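Here the structure comes first, spelled out in structure tokens, and everything after it is commentary.
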Amino acid sequence: MNWTDPVEKIPYVGGVYAKRLGKLGVQSVRDLLYHFPFRYQDYTQTTKIRLLTAGADAAVRGKIIKIGSIRTKGGKFMTKAAVADESGAIEAVWFYQPYLTRTLKEGVGVGLAGKVENFGGKTSFVSPEVEVLKSGAVPSHTAGLVPIYPETANLSSKWLRTRIKGLLKSDLALDEFLPPAVIKRYDLPSLPEALKEIHFPQSAAAARQARYRFALEELLLFNLRSNTQRAAWEKRRTAYPLNPGDHQREIDVFIKNLPFRLTEAQKRATEEILADLGKNTPMNRLLQGDVGSGKTAVAAIAAYLSYLGGTRTIFMAPTEILADQHFQTLGMLLTPYGVKIAIQTGSKKPEPTDEFNLWIGTHALFYRSQSFEKVGLVIIDEQHRFGVEQRTELLQKSKSEVTPHLLTLTATPIPRTLALTVYGDLDLSVLDELPPGRKRIKTFVVPSRKRDAGYQWIRQKVELGEQAFVICPLIEESEVESMRQVKAATAQFEAISRLMPNVKVGLLHGKMKAQEKTGIMDSFKRGEIGVLVSTPVVEVGIDVPNATIMVIEAAERFGLASLHQLRGRVGRGSKDSYCFLFTNEESSAALERLKPLEGGRNGFELAELDLKLRGPGEIYGVRQHGLTELKVADLTDAHLLKTAREAAQDVFQENPRLDRYPSLKEELKRFSSALVEPN
């Protein structure tokens, strides 16, 4: 048997079980061996029967002295067995398992493991794990560290243990694919040893060592994939090196005339980007910055150099609202210098002409009938919203044999150690400071008992001319907005409309048509709407200087990084701004988790906390990069991330094509194809 064989080839796995395994993502023999336990039940110590007490989780060994099945008055089918060791006897009870009497006979030695309860007035095992003890065989289910797996309907951990143990005892070839130097340098167990110890560990230390091997293996493959993608990108050529030195005077004038001074971080990022644009190889850089850190200004400088160099720029945004905002902002900055700008979205189409120097738009740019001539720069905002295929399609739209420079932007702060792994195929520029003069947003965690008083204060502020956002709870952590979110937002909209009869209240959610959303936002920007009730669709890219209040309902459902992003929608003007985190939970743990937002922490500090408290799921872009497919790697472990990155660099520098390691090359191919890309 080969480990690429389908699971149907495994003994005692037929079509029915194969379908059940498919629900767990298990399609092949390899998938089953890599279906790792998420915890272990510790049955390393067996207990004498006379010492058992109700409420304990215990394992015993003994002989069956009596067994039989009955049907209770309530109609339940019940199997009872009396099991004894030299210290005493105990009753074990199972429901709806009549087949047990075929294997469990009087006089047979068995192991029992599970919960001891008070059942029918007697201390008993209720539905314990049971296995017949065979001479010389090591128990799989009732002794030692027993693996507990992710399960699905009609597929138990016991069934999985039996199949996996059978595979590990078979003549299945488990060829090592990690380079010998990696195994030696990091003192890793071999693949056969690691599989044995992660499924049936001899000790907790052995299980940890096996898990470390697979964690390092996963991140090594992930980094090798990034290195391969980076190398492939660097082999591309661009016919449009945009040498900033040829236009330094114009760039200096442009920067000097900006309505604000660049921060040191903006200056540093600008220098890095302009240097890339001057090269013959295409730029592939991520500009990562906190909310309000000035990414658009840096992107405008890059677009201006593209214009000065005689090439076009395509600027793509994930939503019409954000595209329209970029159109207005970049128009204000670039139009005075002769840059002609067009916008193309689902509801806005420019005249069919090639005279424009900068195209701003949404996915609608993909469907433009003509290709774009002489594109020197492509900018993609909120890059986690776009898949690799979409980015490739946009580059191909430039109708050229050469590759334009690519700059991607994200407002999601990601801790640097993780960012270097997630975005390993991109160069990284970070805006880690805010423009001077921006006021700190006063943030308050508000328990439910103070909610009504909070809304009365907000009503007074709004009636005096200020504006507020009210964000409804995040119900599904998904990019696809659920109908439950829409219903929650609608109910909140109706409640606030009743609470504030003298205020015009608006409603915004992702299920609305683009034109309707744009109309609502335009009305809010003009000050016609006092309170905008919305789902988290406003997290990205809405800029309303007169909005001074951000209310987030059920704030405990959000990650700290997401709350910080939402908070950044206010505080854009000269007035004091406020963020109220309304909570439904009164637990001290929920309130304490939100407290860091009341301090002056920036987005990167909050992202670090989020990573420790909630894991990487809060960080946008993780799923798009396949990291949620990782089974054991701990993405909060900065040392592990650094070690894996260094190991991958060593392997790749020694043998970039991996020809010396054909097994690793094949495993990398499989790994890359399994990673999730966004739709």
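The Cα atoms of the chain cover 95, 68, 42 Å along the three principal axes, with the biggest extent listed first.
Calculate the FRET efficiency for ARG261 and GLN456 from the Cβ-Cβ distance with a Förster distance of 41 Å, rounded to the nearest 0.05. Computed FRET efficiency for ARG261 and GLN456: 0.50. Taking a straight Cα-Cα cut-off under 13 Å and skipping sequence neighbours fewer than 8 places away in the same chain, the aspartates and glutamates within cross-link reach of LYS80 are GLU91, GLU106. Placing a label point 7 Å from the Cα of LYS105 along the Cα-to-Cβ direction, the residues of segment 34-67 whose backbone N falls under 16 Å from that point are 63-67.
Of all beta bridges that DSSP places with both ends in the chain, some 40 percent have antiparallel geometry. Applying 1/(1 + (r/R0)^6) with r as the Cβ-Cβ distance of LYS73 and GLN653 and R0 = 51 angstrom yields a FRET efficiency of 0.10. Taking amide H atoms as placed 1.01 Å from N in the peptide plane, the amide H of VAL470 lies under 5 Å from those of LEU532, VAL533, SER534, VAL551, each 5 or more residues away in sequence or on another chain. Taking 0.36 nm per residue of separation and subtracting the Cα-Cα distance, full extension of the segment from GLU117 to ARG601 would add 169.3 nm. Counted by Cβ distance under 10 Å from PHE444, the other residues give a net charge of +1, where Lys and Arg count +1 and Asp and Glu count -1.
In order along segment 201-207, phi translates into HN-Hα couplings of x, 6, 7, 5, 5, 5, 5 Hz, rounded to whole numbers, per the Karplus curve 6.51 cos²θ - 1.76 cosθ + 1.60 with θ = phi - 60° and x for Gly and Pro. Length available on full extension from TYR186 to LEU133: 0.36 nm per residue minus the Cα-Cα distance, which gives 15.2 nm. For the pair PHE366 and ARG236 in one chain, pulling the backbone fully straight at 0.36 nm per residue adds 44.6 nm over the alpha carbon distance. Working from Cα positions, state the angle (0 to 90°, nearest 10) between the long axis of helix 320-334 and the longest principal axis of the chain. On a 0 to 90 degree scale, this one is about 40. Using only Cα atoms and rounding to the nearest 10 degrees, what angle (0 to 90) does helix 638-654 make with the longest principal axis of the chain? Orientation of helix 638-654: about 80 degrees from the principal axis.
Protection proxy ranking of 308-316, 171-179, 87-95, by the mean of other Cβ atoms within 10 Å over each peptide's residues and highest first, is 308-316, 87-95, 171-179.
Shape call for segment 442-601 from the C-alpha gyration tensor, a ≥ b ≥ c root eigenvalues: rounded (a/c under 1.5), prolate (a/b greater than b/c) or oblate? Rounded is the answer for segment 442-601, as its axis ratio a/c remains below 1.5. Using Cβ point charges alone (K and R +1, D and E -1), the dipole size of the chain about the Cα centre works out to roughly 1660 debye. Amide H contacts for HIS405 (H built 1.01 Å from N in the peptide plane; partners 5 or more residues away or on another chain; cut-off under 5 Å): MET283, LEU377, VAL378. To the nearest ten degrees, helix 264-277 and the longest principal axis of the Cα atoms of the chain are 90 degrees apart. Distance from the Cα centroid of segment 127-152 to that of segment 5-21 is 21 Å (rounded to whole angstrom).
Values quoted throughout were computed directly from the atomic coordinates according to the rules given, and no laboratory measurement underlies them. From a predicted model like this one, the values you see are computed outputs, not experimental measurements. Please note: Cβ atoms are built from the backbone with ideal geometry, for glycine as well, and neighbour counts cover all protein chains shown.
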